[in-house]
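Please read the structure below before turning to the comments.
The values are calculated or read from the model by the stated rules, or taken from the named source; none is laboratory data. Note that the structure is a prediction, hence the values are computed from the model and not measured. Neighbour counts run over all protein chains shown; Cβ positions are idealised from the backbone, glycine included. When the accessible area is computed, the model is the full protein with side chains, heavy atoms only, and any ligands, DNA or RNA have been set aside. Shrake-Rupley method; radii C 1.70, N 1.55, O 1.52, S 1.80 Å.
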Amino acid sequence: ISLISVSAHAEGYPERTITMVVPFSAGGPTDTVARLVAESMSKDLGQQIVVENVGGAGGSLGAGRVAQAEADGYTVLLHHIGMATSATLYRKLAYDTLNAFEYVGLVTDVPMTIVARKDFEPTDLKGLVDYVKANKDTVTVANAGIGAASHLCGMMFMSAIQTPLVTVPYKGTGPAMTDLLGGQVDIMCDQTTNTTKQILGGTIKAYAVTSPARLPVLPDVPTTAEGGLADFQVGIWHGIYAPKGTPAEATERLSKALQVALKDPNVVARFAELGTVPSSDADATPAALKAKLESEIARWKPVIEAAGQYAD
Ligand code: MLT
């Protein structure tokens, strides 16, 4: 009788620590989502996922780092809608967005909030619009660089009110929030994953959420539609990518671990506190992320071209 030894667990990927690049500063919304998901995925994978923050150029510097990394399954990127907008905003990207990555899956779609330093004069969205129009040369808008979600949202706000404003770029909206709290910058459009705590704590002022309906976690914050800017709606979807050529064994295994993590009660509860919900099993797949990226590049291209904002 030949003895067949069956290993206690499937050999193979992953056999060592995985690096997850976050293309923005630590402490910001992208970093918050990444650390929550990475910690939970690590449990299912049996290997540690270590988050590395690589900020700059609205997220495209970190994306470029992963595009050039070894395609062995041990370097991944967690990025958001900026992956799609940067494809149009940057005419000299270090990578070809639709040919430089393999796909793992969608993670979550986060609403945005229009917020201001707590002593900013206007008390509602209509008042904010009137105020910034009357003071367009002095009001400052924080963002995380061209290509960031905060940049896209700010651009949409300026287009909606037909008024260009002075923008102040940071390497992430974590550091931008510090200046907003300190009153060094006036307004920002940022994800609930970074603003909910401050709004509920009264340390910043919230004028609107960019979601179709009010958020359970922020019941007193009106929607942009209630404030008269119905067309101004945007959700910041996030995805996990790997360098082109990463074996399907790795991306499929990571997608399975992502689906487990997105049903982890701690992740679900934390996302809810931060104003968002996890992507479904069907969306946390390579095919869903690929389709989302392709459709979003096509969707935002005309919007960006109409605004005429590019990074040179
Ligand atoms: C963004 O504005 O794209 C992100 O919120 C920046 C960040 O995650 O720090």
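Taking the conditions exactly as written (near the ligand (Cβ under 10 Å from one of its atoms) and open to solvent by 50 Å² or more (accessible area, probe 1.4 Å)), does Lys136 satisfy them or not? No; evaluated as a whole, the condition is false for this residue. Among residues of segment 56-84 being surrounded by fewer than 24 Cβ atoms within 10 Å (Cβ to Cβ) and of a type in the set (Ser, Thr, Tyr), the one that is nearest to the ligand (Cβ to nearest atom) is Thr75.
Of the strands (runs of 3 or more DSSP E) lying entirely inside segment 140-241, none contains at least 3 residues that are of a type in the set (Asp, Glu) and within 16 Å of the ligand (Cβ to nearest atom). Scanning segment 161-174 for residues that are in contact with a strand residue (DSSP E or B) (Cβ under 9 Å, 6 or more places away or on another chain) and either within 14 Å of Gly27 (Cα to Cα) or crowded, with 23+ Cβ neighbours inside 10 Å (or both) turns up Tyr170, Lys171, Gly172, Thr173.
Report yes if Leu98 is open to solvent by 20 Å² or more (accessible area, probe 1.4 Å) and out of contact with any Gly (no Cβ under 8 Å at 6 or more places or on another chain), otherwise no. Against the criterion (open to solvent by 20 Å² or more (accessible area, probe 1.4 Å) and out of contact with any Gly (no Cβ under 8 Å at 6 or more places or on another chain)), Leu98 qualifies. Evaluation of Gly127 against the conditions (1) in a loop (DSSP other than H, G, I, E, B); (2) more than 16 Å from the ligand (Cβ to nearest atom); (3) not β-branched (Val, Ile, Thr) shows that the sole unmet condition is (1). Against the conditions (1) acidic (Asp, Glu); (2) crowded, with 17+ Cβ neighbours inside 10 Å; (3) within 19 Å of Thr19 (Cα to Cα), where does Asp264 fall short? Just the number, please. Result: Asp264 passes all but (3).
For (1) within 14 Å of the ligand (Cβ to nearest atom); (2) modelled with pLDDT of 95 or more; (3) open to solvent by 30 Å² or more (accessible area, probe 1.4 Å), each residue gets a yes or a no:
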residue	(1), (2), (3)
Ser2	no, no, yes
Pro14	no, yes, no
Thr32	yes, yes, yes
Ala38	no, yes, no
Gln48	no, yes, yes
Val54	yes, yes, no
